[in-house]
């Protein structure tokens, strides 16, 4: 910290509450108007946008799911032809994985992590704005392509050679591969921001053993993203090169290898599952104490389990390839590692059960969604143990059994906690409560609708129904159960519809929430709902893992930050001792312009490799403007 | 050649049709192994799920008020025990899985070898023999002898496909540039259906394979019949059909041994009429279905590689009659 104070240096210690809030608002607020909205770097505004966009993609992907169920309700139905059906299931999977599940988890982190660790903005806030625009462009690319009947039709896994130059003519596979690039850029950017925010911007006193469990989850998830995503970027770039400039990475006739694609894709693809699941377990660990009215049992084992899951996630990818004829010895290793991941997951389940057992549970909607999680995720985890076994996998691989399995894991394991998290944190985002009465209906419809839809798929898979088929002959005898599944899907859709209705209704008509409507223990509840642009008038000081429970009347605070410019506190990695005051970037339109330039370059490169050459120029110009030093002394401080 | 037992099995299969492509009705040694393993895992899973649900319900229902220190100590013991139990169960299941893998890898020296190649969207089967003139090609329907190990060598002609006949064995992929194989033994006679299990493009849904397991004598008779050249036309109409096959575009892609049709892009049609289905499991082998298929292949199976060849009604009649007669 500098000892010399310029004459205009205004510190928070000099001001009374009211004028402090006024001064901070003037410094941190996002200006009104379109330009203000496009230039903002406020993590709360960007986080809210991210969440809303991701839920739009959930709804769109859900509609595709219903279309598939319409076609499959009867044998040899002719509602949707094979070409459109292949696009639909490809876009459904791609959309749900890359445009909904991963972004929505990161979006929650963008909003909540800075609040939970008690800082004023996320690290690298302009990068954060950039990442949102790139993500949005990726989503628009996929959906516009789909509407124009050039949606990818090679599966969300895009196996070569089917997605290669010889068998996938046109631009469909290129759009898939380039959309991957868009969403990977945004995911990597957010991951870096979160790692830095968590490690360097925690409130004083929030040593690593006092970090909220959701924040721990996001830290681990971010490291998994940073380590896993490059594999798929290498793969999709190699695919684009094969298609665009005739390299032969995946062409066996020219010394390439078809299985190389699968290794690269699943080296990313399996950790991807945990990139979605680990944030969800963090949400549970953060919500459960509030509704059990006691601190979480087993903080340390829970943190270790999450870290262990993140590490083991990288040792499982081959279980997606058990039928490709790899050597038995290698397959056996991956059976053992795939089963071993049941242990850290078991630890978490048991710790949560202990928290419920020794707590005084209250059945509010978030808690109901956690119970729905228990009911649904555990069967998904157990069928996961089944598909981890090489011999069993040879029967169920690529059948509806696997479709059932991963929907149990992803919807039961991640979407159910996520819906609970929306009910839980909505008051913080919007300042109003969602309806408990509607929430019960939502929980009930989702739980019943989901299980009736997806449980029969286990049996269909064992009866021989393979995945990704647009039709099946009547004599297979799958018709009755498929009709039942399709009708149940309507119940599930009704649950989601009711949820969306409640979200819109509560924004206007929900009762006002106040700072801490649930009586929760973590820092995001120590400020107004919704929080002011500067998050906290004074930076809280943390002395335990449950600060709001352990100092219920008022939190100690750290002072000395400037009011007349954006400034936040940098603390040490393990102990969170204050180290420095750090300037936080102001609003800027350049992240948007840089995103437009980057996306145009990537999009044009689908058509000609020269786009990369010429497209670099505007990208470089935009980045230069973005990072141009302003010359003011505080910028260089 | 009438084969009453085969007909009877065919009728039986249509009666309980949902079982002719099912992992739950194992009819081969490998599938039986897997079935046992499946139930071991399933029962374990159900017991674990019920136990967790019971604890959850009791936890919600009970209203204990213990001091937190006492509660934490007891919870620590319970969670520790549950984790230990998880480790034991997981190790047990892993071991069971290894033990079940071993017989799958065993090699049978006396096995019947069939080479199967996946195409978009049909199967080409090659039966080899030490005497070169006793090898033959067929498509979309293979016959195997009951009680003798069969080794299927798997290859792909274009994209990745996957061989899966669940009543007999688990699946194995057919990958361009790689050679895979799977060995199993059918334990009783019957007709089993398989289906491509790896997404392979537009008509992935309609890429079925029929496996007919029959007693060794019946299998040998079938084999001799397949080795023979195509049966000559029996009447005027069939003769006209053969002439059309040779003259029109058909012969560019298809082979009928004993005629001048010698194309190799599409399935071998030498004994087409002896197969039960047409177009990789899409249509029954009848004259009507044959005429419908030839008249509009893209309407029946959109996207497949067979073009529509313009024919008059009489020509269509003759050609279908001839093809169905190729027993």
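Of B:189, B:297, B:67, which is the most mobile in a GNM of chain B whose springs link Cα atoms less than 10 angstrom apart? Looking only at B:189, B:297, B:67, the largest GNM fluctuation is found for B:67. If R0 equals 45 Å, the separation of the Cβ atoms of residue A:37 and residue A:487 corresponds to a calculated FRET efficiency of about 0.55. On full extension, the segment bounded by residue B:217 and residue B:265 gains 14.0 nm, given 0.36 nm per residue less the C-alpha separation. Rounded to the nearest 10 degrees, what's the angle between the helix B:68-105 long axis and the longest principal axis of chain B, both from Cα atoms, 0 to 90? Tilt relative to chain B: about 30 degrees. Taken along the Cα-to-beta-carbon direction at a fixed 7 Å, the label points for residue B:234 and residue A:304 span 7.9 nm.
Each of B:29, A:153, B:110, A:174 has some number of other Cβ atoms within 10 Å of its Cβ, and from fewest to most they run B:110, B:29, A:174, A:153. In this simple spin-label approximation, residue B:224 and residue B:126 carry label points 7 Å from Cα along the Cα→Cβ vector, and these lie 2.6 nm apart. The Cα center of the stretch A:326-361 and the Cα center of the stretch A:17-52 differ in position by 42 Å. May I ask for the angle, rounded to the nearest 10°, between helix B:216-227 and the longest principal axis of chain B, with both axes built from Cα atoms and the value confined to 0 to 90°? Roughly 50 degrees, rounded to the nearest 10. Reported to the nearest whole Å, the Cα centre-to-centre distance from the stretch A:243-300 to the stretch A:404-451 is 22. Note on residue B:134 and residue B:39: the extension gain reaches 29.9 nm, defined as 0.36 nm multiplied by sequence separation minus the Cα-Cα distance. With distances taken between every two different alpha-carbon atoms, the stretch A:42-587 has a Kirkwood hydrodynamic radius of 24.1 Å. Relative to its residue count, the stretch A:477-629 spans a Cα convex hull of 296 Å³ per residue. Within the listed set B:296, B:158, B:235, the Gaussian network model of chain B (springs between alpha-carbon atoms below 10 Å) gives the highest mean-square fluctuation for B:235. In chain B, what % of DSSP beta bridges are antiparallel (nearest 5)? Percentage antiparallel, nearest 5: 70.
Backbone N atoms of the stretch B:281-324 closer than 20 Å to the 7 Å Cα→Cβ label point of residue B:243 belong to residues B:309-324.
Over all pairs of different C-alpha atoms in the stretch A:588-637, the reciprocal of the mean inverse distance, the Kirkwood hydrodynamic radius, equals 11.8 Å.
In a GNM of chain B with a 10 Å cut-off on Cα contacts, which of B:78, B:208, B:181 has the highest mean-square fluctuation? The residue with the greatest mean-square fluctuation here is B:78. Ordered by the count of other Cβ atoms within 10 Å of each Cβ, fewest first, B:206, B:271 give B:271, B:206.
Using Cα-only point scatterers and the Debye equation, what is log10 of I(q)/I(0) for the stretch A:400-515 at each q in 0.16 Å⁻¹, rounded to two decimals? Taking Cα atoms of the stretch A:400-515 as identical point scatterers yields -0.77.
Between residue A:77 and residue A:553, the simple label model (points 7 Å from Cα in the Cβ direction) yields a spacing of 6.5 nm. Which parts of the stretch A:278-308 would a label at residue B:61 reach, counting a residue when its backbone N lies under 12 Å from a point 7 Å out along Cα-to-Cβ? Answer for the stretch A:278-308: none. When both bridge partners sit in the stretch B:88-166, DSSP labels roughly 60% of those beta bridges antiparallel. Please compute P(r) over all alpha-carbon pairs of the stretch B:236-325, binned at 10 Å starting from zero, and give each bin as a whole-number percent. Over the stretch B:236-325, the share of Cα pairs per 10 Å bin runs 18, 57, 25, 0 percent.
Taking other C-beta atoms within 10 angstrom as a stand-in for reagent exposure, A:627, A:55 fall in the order A:627, A:55, fewest first. Shown is the FRET efficiency for residue A:564 and residue A:507, computed with R0 = 41 Å from the Cβ-Cβ distance and rounded to the nearest 0.05: 0.75. Cα centroid separation, the stretch A:480-540 to the stretch A:591-620: 38 Å. Considering only beta bridges that DSSP places wholly inside the protein assembly as shown, some 75 percent are antiparallel. The long axis of helix A:342-357 is offset from the longest Cα principal axis of chain A by roughly 60 degrees.
Here is the size of the protein assembly as shown from its Cα atoms: Rg then Dmax, 31.4, 112 Å.
Values in this text are rule-based calculations from the coordinates and carry no lab data. A quick note: this is a predicted structure, and the numbers were derived from the prediction, not measured. Positions of Cβ are backbone-derived with ideal geometry, glycine not excepted, and every protein chain shown enters the neighbour counts.
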